[in-house]
Amino acid sequence: NGAICIQPCSPSFHGETSFVCEDRKWQMLLDTCASLDVQSLFQVRKQEHIPFQGKGKPWHGKPVDGAKPFGAGNQSCQADFSCIVPDILSSPAIPGNIADIVELLKKISLLLSDNVTRGKMKSYSRIANHILNSSIISNWAFVKDRNAGSMLLDSVNAFAGKLLLRNGSESIQEPFIATKGYSIHRNTSGKSFDFSMEFNSTDNITGHMVIPEEELLRLPRASKAISVAFPTLGAILETNQPDPAFVNGMVLSVSLPEELQNILLTFEKLNKLGQVGAQCVGWHLAERRWDPRACEVRAHNITTVVCVCAHRHRTYRSFSILMSPAAPRSSALDYITQVGLGLSIFSLVLCLLIEGVVWRHVTKTEITYMRHFCLVNIAASLLIADVLFILAAIVHNATLNYQLCVAATFFLHFFYLALFFWMFALGLLILYGLLLIFLKITRSVFLAAAFSLGYGCPLVISILTVAITEPKNGYLRSGACWLNWYETKALLAFVVPALSIIVVNLIVVVVVMVKTGRSSVGEGSKSQDLRSMIRVSKNVALLTPLLGLTWGFGLATIINSRSLAFHITFALLNAFQGFFILLFGTLLDRKTREALRMNCLSSRQKWGLEK
């Protein structure tokens, strides 16, 4: 009856995959059906359209004459994927179809956003318009994923932001989504975007966006500004927090150069009855809520509201995102992350410099050589990981390049895993020094084992993670260059090894506490007991940052990812880990201090002789 399935199986069907189509309603029973592959939509497939004989029984013979798979006979399909639009528009906008179309738009924005031409944007807008029609908005209430509206907004913004402008401007208008773009530079007079759009069969609403001239003077070079208007999206976006307010106008989305700070938005009210209060807000994608801090009311009357909105381009992400499925946005969390990472990077560079200066003096025995070798690799891995953490945030915010984001995530995953496995090697070395004092390990054997453990295991885990999840487009999470959680649980490839190593290293610390506290047992002297407690406490303080025990608090952010207190605590403990390694691993080590003093004395003597 003309029904279509917009989430196709892989080119060759496996297992029992049945399709039931009746009265323009369809249902897919996906037992072993492959996940949606956008690229496959444009491949000629022999079994794409399966005609039916009887009620719900697929016909397994040859396709009927005239049936064409997606993309067949249309060489321009890959250029603007217009060939799939008619089939999608002919499908009813029921909740299951809405969810699949949102997922399709998300995958297109990830995979096919290079060189977004007018044709591409037109096809993309037509697909989005189909599920934004005011006549089917009530169907969104039955979409299973409550985050679908926010995902749609994010996908459209990402795709529209790559729109190529012909002759300095572009405009694509559909009844329920409109996109406009202009080239801008410092000599441009104030640029405005005007939208007049249909809201229902009888009413139109308008929106107006202006970039003030004084803002354009901030631009160092020619750039572009893109704005997208959604007259019905406000009724779709669901917040995580109960809010009695409702969206009383269209949703205006903007993509601007990061130098611009403030823009003016004018909204026509949908409900013009009475002089009700108005509030200007911005959509907080990470927390799925309207944020009143993003905008403020400039003017307000019975029909329109003028808002001044701050366009902020965040460079840093919350540090706690590393072990948490989601991280709440907070200025305090961002500040802690920035200060902590900056101090950590400086401390680690200083730590490596000190180790280089004293290396000859502190590695005279096999056990001290092994200890300092582990310490240097811990510091080096954490230093590279912290730098990559900042670069990954910059890549995500500045370039929005999917391949670069994948590469940044891979190396970030690898070096943070290397940090943990080198801390694991140090823990095993401590156990070796305490429990296996008569077992001798040669330096060559130690180096081979340490490199295999410290870098070999992380490399295997990182490669397997990207190889398994990336073909399904489930490697990256939405909103950051880091491992996915909700779709593929790729984050477990970091969390499980890290927490396992933390548990082992915690056992190491307990063994150290027992060994160092045993000498005072039975002596009965309070002073001896006090000295023993101080010695045990000192050992615990020294080993906690070196063995990564503070990362164990990441378990709390996994269990309750919305708790700001947990995220701040985690960031405080771990963003400053480089400083703690410098303090407890280098500066408070007696032999290192003696070696530094000897080196300073030697340098003074040499300077005196030269003088």
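Data table
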{"read-out": "Relative packing of 416-424, 130-138, which averages over residues the other C-beta atoms within 10 Å, highest first", "value": "416-424, 130-138"}
{"read-out": "FRET E, pair Ala332, Thr442, Förster distance 56 Å, beta-carbon r, rounded to 0.05", "value": "0.65"}
{"read-out": "Gain on full stretching of the segment that runs from Val297 to Leu350 - 0.36 nm per residue minus C-alpha separation", "value": "14.2 nm"}
{"read-out": "Over the range 77-323: Kirkwood hydrodynamic radius from C-alpha pairwise inverse distances, Å", "value": "18.9 Å"}
{"read-out": "The range 77-323: relative contact order as a whole-number percent, Cα under 8 Å and 6+ apart", "value": "15 percent"}
{"read-out": "Peptides ranked, highest mean first, by Cβ atoms within 10 Å: ranges 501-507, 293-299", "value": "501-507, 293-299"}
{"read-out": "Gyration tensor over alpha-carbon atoms, the range 142-218, equivalent ellipsoid semi-axes in Å", "value": "28, 17, 13"}
{"read-out": "Packing-based ranking, highest mean first, of 105-116, 404-415 given that Cβ atoms within 10 Å are counted", "value": "404-415, 105-116"}
{"read-out": "Among the listed pairs Lys144/Lys269; Lys224/Lys472; Lys144/Lys489; Lys122/Lys224, those beyond 27 Å (Cα-Cα)", "value": "Lys144/Lys269; Lys224/Lys472"}
{"read-out": "Convex hull volume per residue in cubic angstrom - Cα atoms of the range 94-200", "value": "109 Å³"}
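Every read-out reported here was derived from the displayed coordinates using simple, explicitly stated rules and does not represent laboratory data. For clarity, every value in this text was computed on a predicted model and none was experimentally measured. Every residue, glycine among them, receives a Cβ derived from its backbone with ideal geometry; neighbour counts consider all protein chains shown.
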